[in-house]
Each structure stands twice: as C-alpha cells, then as structure tokens.
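Throughout, read-outs are computed from the coordinates displayed, never taken from laboratory work. None of these values were measured; they are calculated from a predicted model. Positions of Cβ are backbone-derived with ideal geometry, glycine not excepted, and every protein chain shown enters the neighbour counts.
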Amino acid sequence: MPNDQRPEPAGTLAALCAEAYRAALTRLSAARRVSEALAAEPLPAGPVRVLALGKAAAPMLDAAAAALGERLRDPLCVYPERTPGPRCPGALAVAAGHPRPTDGSLRAGEAIQGWAAAGGGAPALVLLSGGGSALAVAPAGVGLADKIAGAAAVMRAGLPIGALNTVRKHLSILKGGQLGAALFPAPTRVLVLSDVPGDDLSVIASGPLAPDPSTFGDALAAVDAAARAGIAAPPAVRARLEAGARGAVGETVKPGDPRLAGVAHRLLAGPLDLARAAAGRPPAAAAPPRPTRRRSRATSRRWPRGSPRGPASTPGGDGRCSPSAASPPSACPPTPPGPTAAAPSTWRSSARSRWRASPPRRSPPAPTGATGPPSRPARWWTARPPPPPAAPASTSPPRSPRPAPAPPPSRWASRSRASTPGRTSATW
C-alpha cells in the first residue's frame, strides 16, 4: 500500500481490497524473487556494488545482501518514507517521498549520482521497483518545485503513465537511461519489479537504465494536452521542453547507445503476477454475503420452508430416518400409514410475490411387515388440494328452449310506407 494512504475502517470494501492487496504482496514476496533470481543466474565472482531503488527497495536489498555475503559493496537503499528501512548492516539508507517528491527525494537523487560516479567500472547490481520516479529526483534545467508542478499537471490531466514519465525523463539527469550511461563501462545486472501495465522497462521508474524511445517533442505534446485540459505547466518546464524540441538540449539515451551494452534487465514480476496472487489468496476476513430482498422463484420452489435441505438425514436430527453409512436399512422402522412429517410447503403464485400454503400430500400406507426403507416423501410442489366435487345432476325435466328474439329492424325500415292507406310495411 502506498505510504501516503491511511488504513480504511475495518469491514468496508476498501479495507477488504487493501487486505487482498497486502496478502498478494506477501505471497509474491519481493525478497524471495530476488533470492531465486540470484540463485538461478549467479553474479560474476568478486565484489558487487548494490543499489536498491523503489517501493520494495528494502526487502530486495536484504535478500541481495544475504545472497552475496561478503561480496557486497557500497549498498545504497532509497525507500519510501514512513515504511521500514533495510536491515542490511552498513547500508546507506535514504527515505524519500512518494508519490509526491520531497526534499528527501532530492537527497536521494544526489546520493545516486555520487554512487554511480564512485563505481570505477566495478560490477553493479541494481534492484529496481515501482515508485522510483518520485523517490529519486535530479532535476535538469528546472527547479525541484517546477518539476513537481509540471509532473502534477500531466497527472491531474489524466494522461497515461507513459506520458507522465516521458515528461519526467526529459526533466532529469538520471532517468531515461542516463543512470546506465553514468555506470559505463561497468557490467550491470538490473532486477525489476514492475508496477506498470505492459511491463515496459523504459517506463518503470522512468527507465533509469533502459533506453528511451521518447523525445522532447513527445514530452511537449503531453504538456500541451494538459494545457488543453485547463491545467498548465510552469513556464520554466515549457521553456525547457521547447529548447529540447529545437535541439538546443541533448536528448536522453536512445536505443542502440553503446553505453548501455553492458546493462542486462530481468523482470521478476509485474501487475499480472500480483493479480494472480490476489486471486489465489482472497482476504481472510471476507465480507459475508448480503441476503437478497426477494428469494428467487427456483429457490423457493425447490426447498419448502421448514423442510430439511439435501438428502435424507440419519436417525435423529429432524426426526426422520433413512439408510446411510451410519445407519443401515434395518435400523430404520417402517413408515407408519398416514401423513408424512414434511412441513407445509410454500410457493410463489404470481409476479406480485404473494405466498400461500398448501397442505402436505398424504403418502400411501406402507404394506404390513415391510422391512425396507421408508417411502420417499411426496414432492411438495405436487401437494395441492384436490379440486372440489362436481355439483350433482338435477332430476327435474328439462326446460323448453326460449324462442329466439326477433332480429332488429333493418335500417331501411325507416323508409317504409306503412303510413300510406292500403300499403304494407315493405322496404324499398
């Protein structure tokens, strides 16, 4: 969990998600991943300088120190504030801000620059995890406040992480492969824990040891997109990016640069592995299922209210008896004649959710001297009351049919000449 978030109240959905996240991180175990990677691909013999940068820097450095033993040299750890630091003896630990850089982030950037300059070509091991963009800051051409404001503008505009880190890389002297160029010609192994979808090495922690395919023009386009969204970057940031787009400022390290030929990356885990770990180990205190307001028709028709659910039980419990592994058929007495012990059934009669009960159906009497298992209770959904008996037939003689009513007069009858003497009522 990021160090700037407070724990949620217990029982809420956010608290359950946070617990699932922490359980997935515990199961993923950054320290174990580092130990397995160093055991599978051992480092060259001799002293090894170690740098750990990111949210998982402390456990990764402890695991590397345990694997290297006396070969460990110049351990430097940059980790988030308000989180446990490394237990490695002799390590230089610098606590920095995340996700917003602080003065500690500026000190961490200076410490990394000094660590890289003092290498002298000795083999190096870099343990990189997410969050390194904010934890180590070394501004180039702008002040710390302007760089923080420029990155915040792109972030608030809702641009993707790739665009945000493009701006960060072109305002830094460490990111965008420049730390790897500073370590040249030392052979460098980089073990990476990704927090970026797609696991792009040039985006994770702004790619301090990976070649950068983006340009100053891409960074300027991201700042322009943020300005169109109503969030403008500081003038110093725009001036720096415009100068780089004109070619007045040198670009970051690009693919194919020979200074990165001795850098080898290995991805230990990413967001997909974290999601699989969370799916395989749900939180222990899972919320109980909430009951629905209306029972489904299938559920209500399948299980009558008051009746046992599932197969018939053994002697005892609900008072019924049926053969099972614990009670053979001989242990069950025959079913006496008469109504069964099933409770009245309930069923839904219409879409208005009205309920009505029907009396239980009588089971047929068991034959005398029967020794087998009792008869199965009648299905409750067929237990409806019998229809009422038909009315007795009448013994009185049948009545004569009524004469058919006269048809209505024709609409032409109004034009008859019945009023004329000597004429009949004939229609025209």
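Details
- Going from the fewest other Cβ atoms within 10 Å to the most, the residues 215, 252, 166, 12 appear in the order 12, 215, 252, 166.
- Amide H within-cut-off set for residue 94, under 5 Å, with H built and near neighbours excluded: 77, 78, 79
- The stretch 143-203 shape via C-alpha gyration tensor axes, a/c threshold 1.5: oblate
- Cα centroid separation, the stretch 175-204 to the stretch 44-104 (Å): 16 Å
- Spin-label model, residue 156 to residue 17: label points 7 Å out along the Cα-to-beta-carbon direction sit 2.3 nm apart.
- Distance between the modelled labels on residue 254 and residue 118, one decimal in nanometres: 3.5 nm (7 Å Cα→Cβ projection).
- For residue 169, a cut-off of 16 angstrom between C-alpha atoms picks up these lysines, skipping any fewer than 8 places away in its own chain: 147, 254.
- Per-residue extension of 0.36 nm, minus the Cα-Cα distance of residue 45 and residue 83, leaves a gain of 10.4 nm for this segment.
- When 170, 265 are arranged by Cβ crowding within 10 Å, least crowded first, meaning fewest neighbours, the order is 265, 170.
- Gain on full extension, evaluated as 0.36 nm per residue between residue 144 and residue 228 minus their Cα-Cα distance, stands at 27.8 nm.
- Burial ordering of 218, 257, fewest other beta-carbon atoms within 10 Å first: 257, 218
- Put simply, the amide H of residue 186, placed in the peptide plane, has neighbours under 5 Å in 121, leaving out anything fewer than 5 places away on its chain.
- Only Lys, Arg, Asp and Glu carry charge here, each on its Cβ (+1 for the first two, -1 for the last two); on that basis the stretch 64-104 has a dipole of about 100 debye about its Cα centre.
- Anisotropy class assigned to the stretch 1-145 is oblate, per the alpha carbon gyration tensor with a/c at or over the 1.5 cut-off and a/b no larger than b/c.
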